[in-house]
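Notes follow once the structure below has been shown.
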Amino acid sequence: MTIMNKVEPGQGAKAGAGRQSPAPGGNFASRSVPRHLARGAIGFGLIIGSLALVPVAGPAALLAAPLALIAFRGCPTCWMVGLAQTISRGRLERQCADGVCTLTDRRQQPL
């Protein structure tokens with residue numbers, strides 16, 4: 001059974017005034033862009049290597065492919081999202097007020 005509470009437009013500002021809501025979804029960012037690119041190289045290398053080694057080592061070579069999921073922290077799409085998060089870390093800020101969220105560049109006006 002799912003219970004959903006209706007939030008009125010002015011209600012969110014009263015409950016969490018001055019507080020930033022957390023971003024939906026997970027955080028796939030790395031500490032630095034070179035570290036993230038290294039994770040991608042390892043992940044893509046494992047996938048390509050496992051497929052390329054099938055004729056030589058047989059189906060056992062495919063056991064390396066799931067290790068790529070660890071390097072990607074999920075899937076190649078998760079890695080791409082993490083790359084965007086890593087690049088934008090510290091540059092973009094999400095602000096929500098009165099049920100309206102805006103993405104702001106810390107150095108300029110709202111985007």
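Seen through its C-alpha gyration tensor, with square-root eigenvalues sorted a ≥ b ≥ c, the stretch 31-111 comes out prolate because a/c lies at 1.5 or above while a/b is bigger than b/c. Taking all protein chains as they are arranged and a probe of 1.4 Å, the heavy atoms of residue 81 leave approximately 60 Å² accessible to solvent.
The values are calculated or read from the model by the stated rules, or taken from the named source; none is laboratory data. Fair warning: this is a prediction, and the values are worked out from it, not measured in the lab. These area figures cover heavy atoms from the full protein model, side chains too; ligands, DNA and RNA do not enter into them. Shrake-Rupley method; radii C 1.70, N 1.55, O 1.52, S 1.80 Å.
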